[in-house]
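One structure below.
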Amino acid sequence: MRPLPGDAGVALAGSAIIAAGGVLAVALTPIDYAPQGAMFLPAAVLAMSLLAIPLMRALVEGLHGLLHAENLLLVAIIYWVLLDLLQGAYPLDELGRDDVIAALETIAVFALFIPLGRLIPAIGAPRPIARAARADLPVQNAFIAVCLCFALCISSYGIPARFDPARMIDGLFQPRFAAPWSRGDLGGWDAFIDHLAYFGYVLPAATVLVATRAKARWADPRVWISVTLTAIVCAFIAQSGGRRIIGMMLGSGLLLWMILKERFSFVRTAVVAGGAVGVLSLLQFILLIRNVGLDGFLSGDVGLDDFEFAGQFHVDDNFLRLAQIIHYFPDVVEYVGWKQIYYVLVRPIPRALWPDKPIDAGFSLPGLVGKSDVSLSSSIIGELYASYGIAAVVLGALLLGWAAASWTALLRERSENARVLYCLGLMVFFVGMRSMQEIILMTYAVLAWTVVSLVTSKKTGARSGATTPSERDDSEQKCEPSSS
């Protein structure tokens, strides 16, 4: 599958703009870089250059061009790495100025090679996913899929609690490590139960599909049941403190609601933007209460005034950690080579089957910076740099850009289920910018919906003669989004 016409021009022009933005950001780095907010201007210049390609695609292909996967990768860099600088979230007194400049340069290099990856011929989605993308899911069929996903997901919380409603409800109010379903980092056979939770990640997008296919829309009880089941699952996942998971779930639902329309309106765009702000605010609230639980918040143990990052959207201190990795590798610590990638690739294998499975990526970032009992992330850029330096950063960016272009080809499928899978994949790319591990873990959601949609569509096909007139009417209410 060759790149679409105009791709080469947009990719090359965009990469040149990003390169120029990186050079300008370095030039604008102040001598007194350490105080909070001092790096706003360099970060803003670099962030604006990263938005050049999404804006060019919008001009060339319309607003649907904004939804290309590689565009979301560039936006993800701003969110996961540059947002802390833009907000002045913390001082940089732990870093030298050379480290700050090197981090800006590395971010720019990574970003400018992402669009160039689109020039590599794309292969499209894997065959099972492509087959699922063509599956037709009438409203009753989609509703069955929602119920199945809910049952599988809630089992991951119900089994440890022995399906005791009182224990499960009480667990929702506890701190993230105090619930019956919490466990340590190194799981045993209970890791198999945890995998059931991935079926819940698809529920917001699946609920949007039910609402879209329902002839009566919000008057259809199946829509409200789907919304209720989705809210229940979100409450359980939020209790575990998984902010990125909630963001992935709700983000995929918002994107699907946006993409299922042939044209974007100002009202729809404003609703999606407002929804995104609402999701970010919810993520902040989860961060506030996850160590004390909802019970601790309601009892007054912690309040909004106690929140260290009040007035900011706190992500992770990824820029700081990226700069520290660049400082330590390879002058203090040797590159870890393939250990990082190997550690990520074997992550799906349960430790119960492989007790000696690697427990880290070949280095400990908390140990390098003198911290203990914490987990630190540095974004996928930092992980690549720790592997083989700038060479790994370039290669990783090309591969991500190529994978994103391959996924974008799914937009050519005109079925609604293709849109569901596409939006789930978009959020995999977005959240995956935080860490290589997130790409693996979030991909489980795409695989879960692939299996469920194939199974439920087969059931409907086997009973096609038994559908009611209302179900046949619902199945004919197909939205035909324009092909991007």
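The values are calculated or read from the model by the stated rules, or taken from the named source; none is laboratory data. No experiment lies behind these values; they were computed from the predicted model shown. Cβ atoms come from the backbone with ideal geometry, glycine included; neighbour counts cover every protein chain shown. Surface accessibility is based on the protein's heavy atoms, side chains included, excluding ligands, DNA and RNA. Shrake-Rupley method; radii C 1.70, N 1.55, O 1.52, S 1.80 Å.
Observations on the model:
- Lone unmet requirement of (1) of a type in the set (A, V, I, L, M, F, W, C); (2) open to solvent by 50 Å² or more (accessible area, probe 1.4 Å); (3) within 21 Å of Trp449 (Cβ to Cβ) for Ile349: (3)
- Yes/no for Phe177 being over 30 Å from Ile359 (Cβ atoms), open to solvent by 70 Å² or more (accessible area, probe 1.4 Å) and in a loop (DSSP other than H, G, I, E, B): no
- Any hit, segment 398-415, residues being under 30 Å from Glu94 (Cβ atoms) and within 22 Å of the chain's Cα centre (by Cα): yes
- Qualifying residue in segment 351-367 (condition: in a loop (DSSP other than H, G, I, E, B) and aromatic (Phe, Trp, Tyr)): yes
- Scanning segment 264-286 for residues that are in contact with a His (Cβ under 9 Å, 6 or more places away or on another chain) and either open to solvent by 30 Å² or more (accessible area, probe 1.4 Å) or outside any helix (DSSP H, G or I) (or both) yields one hit, Phe264.
- Residue match in segment 102-119 (condition: surrounded by fewer than 19 Cβ atoms within 10 Å (Cβ to Cβ), at pLDDT 95 or above and of a type in the set (Val, Ile, Thr)): yes
- Test: residue in segment 371-380 that is in contact with a helix residue (DSSP H, G or I) (Cβ under 6 Å, 6 or more places away or on another chain) and among the β-branched types (Val, Ile, Thr): yes
- Inter-residue pairs, beta-carbon under 9 Å, first within 11 Å of Arg321 (Cβ to Cβ) and in segment 366-377, second β-branched (Val, Ile, Thr) and modelled with pLDDT under 85, 6+ apart: Pro366/Val374
- Single residue of Leu441, Leu454, Leu426 found to be out of contact with any Phe, Trp or Tyr (no Cβ under 6 Å at 6 or more places or on another chain), surrounded by fewer than 18 Cβ atoms within 10 Å (Cβ to Cβ), touching a residue at least 60 places away in the same chain (Cβ under 8 Å) and in a helix (DSSP H, G or I): Leu454
- Residue within segment 322-336 that is closer than 30 Å to Val277 by Cα, over 21 Å from the mean Cα position of the chain (by Cα) and open to solvent by less than 40 Å² (accessible area, probe 1.4 Å) present: yes
- Residues in segment 368-405 that are of a type in the set (Val, Ile, Thr), in a helix (DSSP H, G or I) and open to solvent by 30 Å² or more (accessible area, probe 1.4 Å): Ile390, Val394.
- Residue in segment 2-9 that is closer than 27 Å to Ala125 by Cβ, out of contact with any Ser or Thr (no Cβ under 7 Å at 6 or more places or on another chain), charged (D, E, K, R) and not in a helix (DSSP H, G or I) present: yes
- The set of residues in segment 206-232 being open to solvent by less than 20 Å² (accessible area, probe 1.4 Å) and either part of a helix (DSSP H, G or I) or without any contact (Cβ under 8 Å) to a residue 24 or more places away in the chain (or both) consists of Ala206, Thr207, Leu209, Val210, Ala211, Arg213, Val223, Ser226, Thr230.
- For segment 306-316, the criterion of being in a helix (DSSP H, G or I) and at pLDDT below 85 is met by at least one residue.
- Residue, most open to solvent (accessible area, probe 1.4 Å), within segment 233-256, restricted to residues that are modelled with pLDDT under 90 and more than 13 Å from the chain's Cα centre (by Cα): Ser240
- Screening the candidates Gly88, Gly21, Gly14 for the property of being in contact (Cβ under 8 Å) with a residue 12 or more places away in the chain, of a type outside the set (A, V, I, L, M, F, W, C) and within 24 Å of Ser377 (Cα to Cα) yields one hit, Gly88.
- Within segment 34-84, tally of residues that are in a loop (DSSP other than H, G, I, E, B) and either of a type in the set (A, V, I, L, M) or within 16 Å of Ala108 (Cα to Cα) (or both): 4
- Glu70 meets each of the listed conditions (1) in contact (Cβ under 8 Å) with a residue 60 or more places away in the chain; (2) closer than 19 Å to Pro115 by Cβ; (3) surrounded by fewer than 24 Cβ atoms within 10 Å (Cβ to Cβ) apart from (3).
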